[in-house]
1. For region 102-119, which positions are within 16 Å of the chain's Cα centre (by Cα) and not in a loop (DSSP other than H, G, I, E, B)?
2. Six or more apart or on different chains, Cβ under 6 Å: which pairs go from a residue in region 19-45 that's among the hydrophobic types (A, V, I, L, M, F, W, C) to one that's open to solvent by 30 Å² or more (accessible area, probe 1.4 Å) and modelled with pLDDT under 95? Could you list them?
3. Of all residues in region 37-71 being among the small types (Gly, Ala, Ser) and either touching a Lys or Arg at 6+ places or on another chain (Cβ under 8 Å) or open to solvent by 10 Å² or more (accessible area, probe 1.4 Å) (or both), which is farthest from residue 103 (Cα to Cα)?
4. Condition check: open to solvent by 10 Å² or more (accessible area, probe 1.4 Å), touching a Ser or Thr at 6+ places or on another chain (Cβ under 8 Å) and either on the phi < 0 side of the Ramachandran plot or assigned to a strand (DSSP E or B) (or both). Does residue 97 satisfy that?
5. So which residues in region 155-172 are open to solvent by 40 Å² or more (accessible area, probe 1.4 Å) and either closer than 16 Å to residue 82 by Cβ or within 13 Å of the chain's Cα centre (by Cα) (or both), if there are any at all?
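The values are calculated or read from the model by the stated rules, or taken from the named source; none is laboratory data. Not measured: the values here are computed from a predicted model. We place every Cβ from the backbone using ideal geometry, glycine too, and count neighbours over all the protein chains shown. Each accessible area value is taken on the protein alone, full model and side chains, heavy atoms only, with ligands, DNA and RNA left out. Shrake-Rupley method; radii C 1.70, N 1.55, O 1.52, S 1.80 Å.
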Amino acid sequence: MTMALTDFATCDLCDLHKGVTDGSFRVLAPVFRDYGAVRKFAGPVVTVKCHEDNTVVKQLVESDGRLQTPQGPVAQVLVVDGGGSLRRALLGGNLGAAAARNGWAGVVVDGCVRDAAELAVSQTGIRALALMPLPTERRQPGQRDLAVQIQGVWVRPGDWLYADEDGIVVMDRRA
């Protein structure tokens, strides 16, 4: 039996899986700050790898963020491997609003975001390393749907991500 998508605590998940060593349960480093209006979110992962160019991020958040399953639609989490760059923002107020409007459960950016006041009212979860007012440059659009390393932790398309006030965990299946 699976739990409701908001019926979890990352601390409880860590307690349940603390002995797991096969890589099916992973904890992201505690370096992400909370920028969205939704503090607790979970869902299946969609990945993007890009460096200071948010073209693919924009395409995704402007599309439907719900995965169609036999049980009905499930909001997904976009995980952006921005290489930890602190030089350009990969998500801002307009894209945060688009993510909320299009049903994304959340966006986790291993990099920067901007427009803090606008993101704070976006009805989606948004985590990133820091704020940076500079927008991206259109040079290399990036890739999607591949395994990425976020702060040294592997995250794969289809994994499940759980984020709350205590942290972010990634599992190879729904809890």
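1. Of region 102-119, the ones within 16 Å of the chain's Cα centre (by Cα) are 102-114, 119.
The answer is 106, 107, 108, 109, 110, 111, 112, 113, 119.
2. 42/5
3. First pass over region 37-71, keeping only residues among the small types (Gly, Ala, Ser): 37, 42-43, 63, 65.
Cutting the leftovers down to either touching a Lys or Arg at 6+ places or on another chain (Cβ under 8 Å) or open to solvent by 10 Å² or more (accessible area, probe 1.4 Å) (or both) gives us 37, 63.
Numbers: 37: 14, 63: 9 Å.
Per the criteria, the residue is 37.
4. Taking the combined requirement at face value, the residue satisfies it.
5. Selection gives 156, 157, 158.
Here's the yes/no breakdown for (1) open to solvent by 60 Å² or more (accessible area, probe 1.4 Å); (2) part of a helix (DSSP H, G or I); (3) aromatic (Phe, Trp, Tyr); (4) without any contact (Cβ under 8 Å) to a residue 40 or more places away in the chain:
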residue	(1), (2), (3), (4)
73	yes, no, no, yes
79	no, no, no, no
121	yes, no, no, no
136	no, no, no, no
